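Every number here is computed from the coordinates shown, using simple stated rules; none is lab data. Quick caveat, the model's predicted, so the values are computed rather than measured. Because the Cβ atoms are built from the backbone with ideal geometry, glycine has one as well, and the counts that use them run over all protein chains shown.
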Amino acid sequence: MKNTIRQVFHSPKFVVGFCIFMAILLTLFIYPLLNPGNPLQMIGLGTFARPGTYVSVYDGVTSPFSTFKLPQADANRLDSLLTTEDRVNMVNWFSLNGVDVAGLDITDTQAMIALWKQHFDPAIRPQGMTKAMRNYYIRLNTSILGASSADALVVSETDEATGEASEKSKITKTDYVNVADVANVVTLPLGTDNFGRDTLKQLVAACGVSILIGLIAGAVATALGLLLGLLAGYLGGLVDDIIMFFTNIFTVIPSFVLLILINYSISQDQRGAGTVALVIGLTSWVWTTRSVRSQVLSLRGRDHVNLSRLSGHSLPRIILTDILPYIASYVVMAFILQVSSGILAEAQLSLLGLGPKTTEVPTLGLMMNWAMLYSAHLNGSWWAYFPVILVIALISFSLNLMNTGLDQVFNPTLRD
């Protein structure tokens, strides 16, 4: 056993895959300790907040100020004022009103704002422009004029007795607040999703649930396939014919189609993570059964098996002591592949809306489903789906790399 383990961990592919998978598992245990709480808790009222650090504006205003005169402050302020969409819409307005935009660089904020101040008139209503777009341009103009002309923002407070507002303080362009002085600061490395939930916290929890689903599905499929394969391969005859009859039926029917039909017949309230994992396992045993059967067929006629049979040993003993140890490595590799297939199957089912119910636990597939339903891929909210794709790819890559490494160790034809 020690020599076998030593050989396994001398395989570079297995070691790389094992390290990646262990790093993922360590993250699943450590991150919840650093950021505890319900991953499905909605902390934001908006949707798809961008990744970054968020500071409470209310607490920032009441925090002590420091004065800095940074050389590029005004330029940076104006650059951040206009998004790419704003710049494109400004060029469209110029074109509709006959303004010459030849040679205009939309990345030149100063030139864009100068041309805008020169030509924009809120009273002009170009033909074909909707009321919503006209209101958008008016709001954009107000924002541009306010940012480029105002030197300070006035913070006022209302007198409860008279209802009159009076100036409390002024915030100038040179006032800065140290983040450490602000009472409420939240860092969201992956922003929030369509429901205003912390995407990173949700991703870690979903990764753990998906791996658990894969492990349960892999264990069920491997155990069932191993049992049927051992019986069919060793007993042969009528038992082999019956088992292979059902195996061939399930081989003809695509397993994913069968998964869809079974999950569709189960109501969403009853589709928990365990139920989905069990259904995946019960529909994924076919290729394991056929593979184990072929291995047992090559073993049952060997001398040590015949000697054990002549000695009067029972069927369970022969299978457990004379056959199973010789295919143990193959069973481990089959289990690893079944785990990977189970994780991918859950992701596919959830994308179709047939995964675990959405109110209990997140899964990688459910996160992809939510991102797709709320058009994250269309509005540029990459943090809602790309990290999920990356995690699924990393898990599958690590498991398949481990399986390839084991195959090189235990398959004589692949040894150097």
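Quick notes
- Anisotropy class of region 134-271 from Cα gyration tensor, a/c 1.5 cut: prolate
- Put a dot 7 Å past the Cα of Phe195, heading toward its Cβ, do the same for Val88, and the two dots end up 3.1 nm apart.
- Here the chain is assigned +1 on the Cβ of each Lys and Arg and -1 on the Cβ of each Asp and Glu. Its dipole about the Cα centre then comes out at about 1580 debye.
- Placing dummy labels 7 Å off each Cα toward the beta-carbon, the span from Ala219 to Met244 is 3.2 nm.
- Local electrostatic count, Ser308, Cβ distance below 12 Å [Lys/Arg +1, Asp/Glu -1]: +2
- Three-way shape label, region 76-148, alpha-carbon gyration tensor, a/c 1.5: oblate
- Scoring 242-250, 154-162, 225-233 by mean Cβ neighbours within 10 Å over their residues and listing the highest first yields 225-233, 242-250, 154-162.
- Annotation for region 301-329 versus region 342-408: alpha-carbon center distance of 42 Å.
- For Gly355, the residues whose modelled amide H falls within less than 5 Å of its own, excluding neighbours fewer than 5 places apart on the same chain, are Ser350.
- Sites Gln110 and Ile260 - FRET efficiency at Förster radius 51 Å, r taken between beta-carbons, to 0.05: 0.35
- Between Asn135 and Leu25, the modelled label-to-label distance comes to 5.6 nm, taking each label 7 Å out from Cα in the direction of the beta carbon.
- The H on the amide N of Leu153, modeled in the peptide plane, is under 5 Å from the matching H of Ile171, Thr172, each at least 5 residues off or on a different chain.
- Against the main long axis of the alpha-carbon atoms of the chain, helix 324-351 sits at an angle near 30°.
- The candidate values are [x] 38, 29, 18; [y] 48, 21, 19; [z] 64, 24, 21; the one derived from this structure for semi-axes √(5λ) of the Cα gyration tensor in Å carries the label [z].
- Exceedance of the 29 Å cut-off in Cα-Cα distance is limited, within the set Lys117/Lys173; Lys69/Lys117; Lys69/Lys131; Lys170/Lys201, to Lys69/Lys131; Lys170/Lys201.
- Packing around the peptides 115-124, 88-97, taken as the average count of other Cβ atoms within 10 Å per residue, puts them in this order, highest first: 88-97, 115-124.
- Theoretical gain in end-to-end length, Gln268 to Ser311 [0.36 nm per residue, Cα-Cα removed]: 10.0 nm
- Nearest 10 degrees, 0 to 90: helix 84-96 Cα axis against the chain principal axis: 50
- Report summary: the helix-based calculation at 222 nm, which adds -39500 (n - 2.57) for every DSSP H run with n ≥ 4 and divides by the residues of the chain, gives -19500 deg cm²/dmol.
- Order by protection proxy (mean Cβ within 10 Å, highest first), peptides 342-353, 391-402, 59-70, 373-384: 342-353, 391-402, 373-384, 59-70
- Around Val155: net Lys/Arg minus Asp/Glu count, Cβ-Cβ under 10 Å: 0
- Calculated FRET value between Ala102 and Val252, using beta carbons and R₀ = 60 Å, to 0.05: 0.35
- Cut-off 15 Å between beta-carbons: net charge of the residues surrounding Pro325, Lys and Arg +1, Asp and Glu -1: +2
- Label point at Arg302 placed 7 Å out along Cα→Cβ; residues across region 230-273 whose backbone nitrogen lies under 20 Å: 230-236
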